[in-house]
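Report on one structure; see the data block that follows.
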Amino acid sequence: MPAVLNYPGVYIEEVASGVRTITGVATSIAAFVGYTVKGPPNLAVTLTSFADFERNHGGLDRASAVSYAVRQFFANGGTQAIVVRVATGFASTAWTLVDDGAAAVLDVTAATPGTWGNALRLAVDHGGVRNPDSDFNLVVQQLQSDGVTLLTLETHRNLTLDSRSSQFAESVVNNASAAITVARRTGLVFGAGFAVSPAIAFPLAAGVAGDLKLAGTIDGSVAFAITLAAVPADLPGLVSAVNTALAAAGQAGLLVASASDKDGNAGANCLKLSSQTAGESSSVVVAGGSFGGLAAAIGIGLANGGREITAAAAHRPKALPPPDATRTAVGADGSPPSATDIIGSEAGKTGIYALLDTDLFNLLAIPQTFDMSPTDAAAVFASAIDLCQRRRAFYLVDAPSTLGGGDATVASSVATWLTTLTRSRNGAVYFPPLRIADPLDSLRVRSFATSGTLAGVYARTDATRGVWKAPAGTDATLNGVIDLATPINDAENGILNPLAVNALRSFPAYGRVAWGARTLRGSDALADEYKYVPVRRLALFIEESLYRGTQWVVFEPNDEPLWAQIRLNVGAFMNNLFRQGAFQGKSPRDAYFVKCDNETTTQNDIDLGIVNIAVGFAPLKPAEFVVIQLQQIAGQVQT
C-alpha cells in the first residue's frame, strides 16, 4: 500500500514477485599450478586460449609440465584455465635510466621474472612531446630471434617525472604496459637546483651560528651559497634571515624566500625559495613541518616530505639508443619448484594457495607430480585434495611415471601407490600416462601426465552433455594423444577398476579414450555414495550454485514468507536441471525435493538465527557394466 493516501483517486504500486533466479555456476574452469618460464609468480592468471598462455607464460618449455598440460587442456575442449606460476631462483631483467647529468632518475623492470626480459630494449626520445623541458617518450622494443631485428611492443608518450601530472611515468606505464614496470628514483632535486646542508630538525634552536647553509645553482646555471649567522626560532624569522642573506650575497633579484608552499599558500610551515628567469617562475620547498614541537628535518624537493614542483629538464631521462646499454640486472627463468614450493603458504597465498584469491575453479591439475618422488607427491596430493574439498573443486591426480606394466606389476604397484593417497570424493586418478608428440623435440613421442588432457575431456563433456554425464566412453576421446605408455587390456582393466583407478584404453575406430569414471572413493570395498565422478561433480555444482544463489536470504525475516520464496527459487533451479535430464525419475517428485518450512527450521533455530534448507536429488549413475543376455529359441514346431 502507498505510504500516504491523501487524495481521492487511483493509486498504483509495483509489488516484488519474490523471484530471485539461481544461476548455475561454471563447471570446468581448470586450475594449473607449477613451473612456467614466464608470468607473475604465485598469482592466479585467467586464460581463455593457449595463445594467451604463450603471451603470458612463455608457451611450451621442456622443463614445464604445466605448459604441455595447458596445451592439451585447450586441445581437448577446455575453454577457461587459471595458471599459477611457481618457480625457484627466478630473476627479473632491470634497467636504470639516467638524465643528461648521468644521475639515475628512473628504474625500469620487466613485468615478470624470466630470461624473456633480456630480449627487451628501451629507447627514450623527446620528439613531439608537449613540454620539451620535462616530457619524454619511452619506447619498449623486443629483439627478435635473428639477433638483429627490433620489434616495437609499446610506446608511452608525453611522460613526466612530476607525480602530480596525469602523465606521471609511474601511473601511465604501470597501468598500461604488459612488458615493464617503472619507478622514479627518490631523493631527486627538482626545480632550480637548490641544496641544504646540514639537515636541521624543528623546532629550530635559536642563536646557533653556522647551522644552516643553502648552496647550489639557480636554474641550473647561476651558482650561489648562503650561510646563516644564526638559526631563528620560528618560520618568519627564518624567512627574514634567508632574504637578508640573499641580499647581502647580491642575489636578491634572482632568489626570494617566502613562508608558503609551492602554490603560494601561506601558513604552510614551509620555506619556499623562488627564482625568476625569462619571466618563468620555478621554486622549491626547502623546509617542512610544524614549528610547534613536531620534529622534521630540513630537506630538499622530494626528500622533505613536502610538496614537490614540476620536474625540470635536468631530470628528464636523456635520449637512449635501442641497444640495451643501461641494463642493470639480467633475467633468469629459475628452475622447477620443489613439492614444498608447490604447496606454498596459505598465509602468504603462494603455491596452490594462490587459488584462494580466485572466485571459482572446478578442476585442479598439478602435472609436475608425475615426475616427483612418491614422498613428495604424497605431500602435494594431501594439500591439493584438502584445498579442493574446501573450495568444492575436483582434483585430477597424476599417477607417477614409475608405475609399470603387466598384470601383476600393474596390480601390485598401483595398489601400493594408492595407499599414499587420501581417498577423497573430490578426486580421481587415471592410468596409464599418455604418449604425446613433443613439438620441442622434433615431434618425438614421450610420456606425459594425464591431468591436462582429462581436464579438457571433462570440459568438453560438460559443454556437450552436462556435468551429470560421465566424462568417459567412446565420446571421451583423447585428442593429441599418439599412444598410451602402457597398453591396458580387459583383464588389467578388471584389476584397476575395482581399485578406483580409471583406465585409459585404446580401441579400434575410436582411438584413445577414457574408460573409467570413478572417484578416489570409488573402490568397491568402500561402497561410497559418491562412487562415480559425474555424481560427485553434479553435487559440487548444485552446492556451489545454491551457495551463491541464496546469499540474498541472509538477514531476511526468518518466517514462512521467506521459506516460501526459498522453496520457489531453489525449486525452480532444481526443476530446470530435471528438465535438462540431470536426475533420475519420470516426474519432479521422483527426481528431487526442496523442503524449507517449520519442520526443517524450528523455533529454536529461528531464535539462533538459522534457516535450514533441505535439498535432495536422485542422480544418474553411469552404465558401467552392460550385460547382454542372449539365448537360442527353438524354431517353430508344427503339430
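Quick note: the coordinates plus some simple rules give every number you see, no bench work behind them. Here the structure is a predicted model, which is why all the values come from computation and not from measurement. Virtual Cβ from ideal backbone geometry, glycine too; neighbours counted across all protein chains shown.
Close amide H pairs (under 5 Å, H built 1.01 Å from N) link Leu120 with Leu143, residues at least 5 positions away or on another chain. For region 495-639, the convex hull drawn through the C-alpha positions has a volume of 243 cubic angstrom per residue. The H on the amide N of Gly114, modeled in the peptide plane, is under 5 Å from the matching H of Ala91, Ser92, Thr93, Ala332, each at least 5 residues off or on a different chain. Phi angles across region 377-386 convert, under the Karplus curve 6.51 cos²θ - 1.76 cosθ + 1.60 with θ = phi - 60°, into 3J(HN,Hα) values of 4, 4, 5, 5, 4, 4, 5, 5, 5, 4 Hz, Gly and Pro given as x. If you take the square roots of the eigenvalues of the alpha-carbon gyration tensor of region 325-452 and sort them as a ≥ b ≥ c, do you get rounded (a/c under 1.5), prolate (a/b over b/c) or oblate? Since a/c reaches 1.5 but b/c is at least a/b, the shape of region 325-452 is classed as oblate. Considering only alpha-carbon pairs that sit under 8 angstrom and 6 or more positions apart, the relative contact order computed for region 333-474 is 20 percent.
By the count of neighbouring beta-carbon atoms within 10 Å, fewest first, Lys586, Lys621, Lys349, Lys469 end up ordered Lys586, Lys621, Lys349, Lys469. Per-residue Karplus couplings for region 597-604, computed as 6.51 cos²θ - 1.76 cosθ + 1.60 with θ equal to phi - 60°, are listed in order as 7, 6, 7, 7, 10, 7, 4, 5 Hz, Gly and Pro entered as x. Per-residue 3J(HN,Hα) values for region 78-91, derived from phi via the Karplus relation 6.51 cos²θ - 1.76 cosθ + 1.60 with θ = phi - 60°, read x, 10, 9, 10, 10, 10, 10, 7, 10, 8, 10, x, 7, 8 Hz in sequence order (x marks Gly and Pro).
Here region 16-132 is treated as a Stokes sphere of Kirkwood radius computed over C-alpha pairs; at 10 °C and 1.306 mPa s its diffusion coefficient rounds to 91 µm²/s. Annotation: the residues Glu54, Glu13, Glu544, sorted from fewest to most other C-beta atoms within 10 Å of their own C-beta, follow the order Glu13, Glu54, Glu544.
Amide H contacts under 5 Å for Val445: Asp438, restricted to partners 5 or more places along the chain or on a different chain, H placed in the peptide plane at 1.01 Å from N. Shown for Thr48, Thr93: other C-beta atoms within 10 Å of each C-beta, ranked fewest to most, produce the order Thr48, Thr93.
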